[in-house]
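Notes for the one structure printed next.
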2 protein chains.
Amino acid sequence: MQISSRFTIAVHMMTCMEMFKEEYKVTSDFLASSINVNPVIIRRILAQLRDAGLIEVKRGTGGAAVIKPLNEITFLDVYRAVECIEDNTLFHFHENPNSDCPVGRNIHNILDDKLQRVQEAMERELKSITLADVMKDLEKYIR
Amino acid sequence: MQISSRFTIAVHMMTCMEMFKEEYKVTSDFLASSINVNPVIIRRILAQLRDAGLIEVKRGTGGAAVIKPLNEITFLDVYRAVECIEDNTLFHFHENPNSDCPVGRNIHNILDDKLQRVQEAMERELKSITLADVMKDLEKYIR
DNA sequence: ATATCTTGTAATCCTAACTGAAACAACCTG
DNA sequence: CAGGTTGTTTCAGTTAGGATTACAAGATAT
């Protein structure tokens, strides 16, 4: 399975919030039209980013904005905010190996630390990329 | 989304094939009982591992065996054999960003290399672990 | 050749997750 | 209070994973 598009949508959303914060009120309809998905999807992700403390959303009057310095928001922050990974484990383990078999009895212990290392490698890389990097590239592309 | 349990099942399967190759004929029913899943699931994964050139499966008489040195089979080989990732991209990108928006127009170019780096970090770690490591740990646990 | 065990594969069913969409209460401001 | 916006629920469609049943096809022993 692939990682859901919620992650790239969330990065797109926060990039828009920053890019247009002076010119427009960045509402869920505004974001939905740049990203081309249903506004409800946007609002659900807005709530997840808000709960993670990355943005603030104004009720009634409307509009969303990033509330942390962009160079302090890593891809890992966004990933953790929107991707609901069970028990924070990337790999889904088969549930009931047979404990009467020497392999079945030990496979969990053998694999757990190895799978953990893989997950950490991925998260380390996610952590090394920030929204400030994205904005810098965006300005480069626009010029 | 998590990575499907096919991966841990496949590693479990190949570990069993190696562990019991002298004592037993390692059939899909044998594997299914150690792993505790349906034999058809096992046979489907057997086919994927066979197609990837990692094992051989005997029709009629039955039995499966690893056909490469264990220290040459990496977790990445197994992962690629059983996990069908669309276009070999770990992250699912939202399909239709609005090209009338400066962010929508550029977001793909901006993110693609960054997401690629994350995927490569993960695959590099997967590549560094082999089935020989698993067998070594298994012997340690059994003693 | 026939009985028997096994693999290969198709067909069904069930469940979970993702996305799209409609609807509406709650909220804020002018 | 009117109008725009968010928060949230609900339903439907799609896809993927896994369980299960069924059976044709292959290989071996006798």
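Any read-out appearing in this document is the output of simple, stated calculations on the displayed coordinates, not a laboratory observation. Treat the numbers as computed from the prediction; the structure is a model and nothing was measured. As a convention, Cβ positions derive from the backbone with ideal geometry for all residues, glycine included, and neighbour counts pool all protein chains shown.
Values for this structure:
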| item | result |
| --- | --- |
| Residue that is farthest from DNA strand C (Cβ to nearest atom), among those in segment A:5-45 that are surrounded by 13 or more Cβ atoms within 10 Å (Cβ to Cβ) and among the polar types (S, T, N, Q) | A:Thr15 |
| Listing of helices (runs of 4 or more DSSP H) fully contained in segment B:1-61 that carry 1 or more residues being among the aromatic types (Phe, Trp, Tyr) | B:6-19, B:28-35 |
| Count of segment B:92-143 residues which are closer than 16 Å to A:Met122 by Cα and β-branched (Val, Ile, Thr) | 2 |
| Members of segment B:46-98 that are surrounded by 12 or more Cβ atoms within 10 Å (Cβ to Cβ), away from DNA strand C (no atom under 13 Å from the Cβ) and either of a type in the set (Asp, Glu) or farther than 30 Å from B:Asp29 by Cα (or both) | B:Asp77, B:Glu83, B:Thr89, B:Leu90 |
| In segment B:115-134, residue nearest to the chain's Cα centre (by Cα) [restricted to those that are within 29 Å of A:Arg143 (Cα to Cα) and surrounded by 19 or more Cβ atoms within 10 Å (Cβ to Cβ)] | B:Val118 |
| Lone qualifier among A:Leu90, A:Leu70, A:Leu46 - being over 30 Å from B:Thr15 (Cα atoms) and in contact with a helix residue (DSSP H, G or I) (Cβ under 6 Å, 6 or more places away or on another chain) | A:Leu70 |
| Hits in segment B:65-86 (condition: within 14 Å of DNA strand D (Cβ to nearest atom) and either away from chain A (no Cβ under 14 Å) or more than 30 Å from B:Met1 (Cβ to Cβ) (or both)) | B:Ala65, B:Ala81 |
